[in-house]
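The values are calculated or read from the model by the stated rules, or taken from the named source; none is laboratory data. Everything numeric here is computed off the predicted structure, so don't read it as measured data. For neighbour counting, all protein chains shown are included, and Cβ atoms are generated from backbone atoms with ideal geometry for every residue, glycine included. The protein model used for the area step is the full one, side chains on, heavy atoms only, and it has no ligands, DNA or RNA in it. Shrake-Rupley method; radii C 1.70, N 1.55, O 1.52, S 1.80 Å.
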Amino acid sequence: MTTLNEYLDSAGCSSELKELIGLISMQAVPIREAFINNQSYSGTENTSGDRQAALDVWSDEHITDALMRSGLVSEIASEEKPDIVRNPKAGTGFAVVMDPLDGSSLIQVNLCVGTIVGIYDNSNALSMGRDLKAAMYMLYGPMTVLTVSVGKGVYIFALKSGVYTLLDGPVKMPEGNLYGSGALKKDWTEKHSEFISAIEKDGGKLRYSGSFVADFHQILKYGGVYCYPATKDKPEGKLRLVYEANPIGFIAEQAGGLISDGKNDLLDIVPQKPDHKTPIYVGSRGIIKDLERIMK
Ligand code: AHG
Ligand code: MN
Ligand code: MN
């Protein structure tokens, strides 16, 4: 069985990139433990709500601290921080972008959440997604699973007795019929509603959990599309280009899928600011091409 380290060596990763991917992926262990320690089941609304917020911040601080201590990272853009954090002492050009906990509202109902990370080697966290050196996500479900790409395809590892062991790869995203869309149906635009109706007419099967990373992982495996669209009141959508769309979109395209805002490939968009919001459609190539025809 191939381990993560063996795969990264075979993919020709530098020792620094291999060390950085290994360091980030191992934070899955303390993060997963934090779900129990930080999450009260007393059921009081505000406490668990605050804890939710606490878990977002806790995960962000935990990963940021590990990255800073490693000296491997020159800057970090995190969903939980208003500005980019810089580490002038770091001797590398690695810029990390991250959503430390995606889908965090689901922890208190024990559903699947994850950590999304992108790594650039050009000291610029606000680069286009296409320039990513590596993208990965840890998914905290029945198994702890790491999906990673260093630009040579997509590989999935499961954490077993402290070692990430190859589960699947190279992963190819099939055409499929799963679909999910965020935002309230009453706020959808005409074009988005037309796209969703076309999918439903074609026998689309609804899969939407409230965790982008978990919903995407199903699309990666079975094919289909995840949408968080522009709405009448929020033309920029809800999700963030830098820490959600770019790393996930990089992985999607490495597996043969596509990511779009309905008109453009999102990996070609230069982020204007760390929390740059964008409509997101990510999934099978054929479905995204149909979408862009409808949206044009
Ligand atoms: P996060 O927990 O990092 O804020 O992300 C939540 C995102 C995404 O993961 C999910 O698909 C979407 O928000 C759910 O939004 P709605 O609750 O509006 O459906
Ligand atoms: Mn998120
Ligand atoms: Mn988050």
(message) Straight-line reach from K277: which aspartates and glutamates fall under 16 Å, measuring Cα to Cα and dropping same-chain residues less than 8 apart?
(response) E79, E80, D83, D99, D102, D233, E236, E244, D261, D265, D268
(message) If I compute solvent accessible area with a 1.4 Å probe over the protein chains, what percent of it on the chain is carbon and sulfur?
(response) 52
(request) Could you run the Karplus curve 6.51 cos²θ - 1.76 cosθ + 1.60 with θ = phi - 60° over the range 231-240 and give me ³J(HN,Hα) per residue in whole Hz, x for Gly and Pro? (result) 10, 4, 8, 10, x, 8, x, 10, 7, 9
(message) Along the charge dipole of the chain, pointing to its positive end and built from +1/-1 on Cβ of Lys, Arg, Asp and Glu, which listed residue (F250, P30, P174) has its Cα farthest out?
(response) P174
(request) Report, by chain and number, residues whose modeled amide H sits under 5 Å from the one on T189, excluding near sequence neighbours (fewer than 5 apart, same chain). (result) K232
(request) Would you list which aspartates and glutamates come within 15 Å of K18, measuring only between C-alpha atoms, while excluding same-chain residues fewer than 8 positions from it? (result) E6, D9, D121
(request) Have a look at the DSSP beta bridges in the chain and tell me what percent are antiparallel, nearest 5. (result) 80
(message) Looking at the calculated P(r) for the range 198-296, what percent of the C-alpha pair distances fall above 24 Å?
(response) 14
(message) Using the Cα centre of the chain as origin and beta-carbon charges of +1 (Lys, Arg) and -1 (Asp, Glu), tell me which of C227, C13, L132 is placed farthest towards the positive end of the dipole.
(response) C227
(request) Quick one: work out Rg over Rh on the C-alpha atoms of the chain, Rh as Kirkwood radius. (result) 0.95
(message) Can you give me the solvent accessible area of D202 with a 1.4 Å probe, rounded to the nearest 10 Å²?
(response) 130
(request) Round to the nearest 10 and report in Å² the accessible area of E79, as given by a 1.4 Å probe over the protein chains' heavy atoms. (result) 40
(request) Work out from phi, with θ = phi - 60° and the Karplus expression 6.51 cos²θ - 1.76 cosθ + 1.60, the ³J(HN,Hα) of each residue of the range 264-273, listed in order in whole Hz, and give x for Gly and Pro. (result) 10, 5, 5, 5, 9, 8, 7, x, 8, 7
(request) Excluding residues on the same chain fewer than 8 positions from K221, give the aspartates and glutamates whose Cα lies under 12 Å from its Cα. (result) D168, E175
(request) Take the alpha carbon gyration tensor of the range 4-168, find the square roots of its eigenvalues, order them as a ≥ b ≥ c, and report rounded if a/c is under 1.5; if not, report prolate when a/b exceeds b/c, else oblate. (result) oblate
(request) For the range 4-168, give the magnitude of the charge dipole about the Cα centre (Cβ charges: +1 Lys/Arg, -1 Asp/Glu; no others), in debye to the nearest 20. (result) 320
(request) Please give the solvent-accessible surface of F212 in Å², to the nearest 10, using a probe radius of 1.4 Å with every protein chain present. (result) 10
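How large is the charge dipole for the chain, taken about the Cα centre, if only the Cβ atoms of Lys, Arg (+1) and Asp, Glu (-1) carry charge, to the nearest 20 debye? It would help to have the intermediate numbers written out before the result.
Numbers: 30 positive and 37 negative charges, 111 e Å.
With Lys and Arg at +1 and Asp and Glu at -1, about 540 debye.
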(message) Given a Förster distance of 35 Å, report the FRET efficiency between S15 and E61 from their Cβ-Cβ distance, rounded to the nearest 0.05.
(response) 0.85
(message) Using alpha carbons only, how many angstrom separate the centre of the range 247-296 from the centre of the range 123-181?
(response) 17
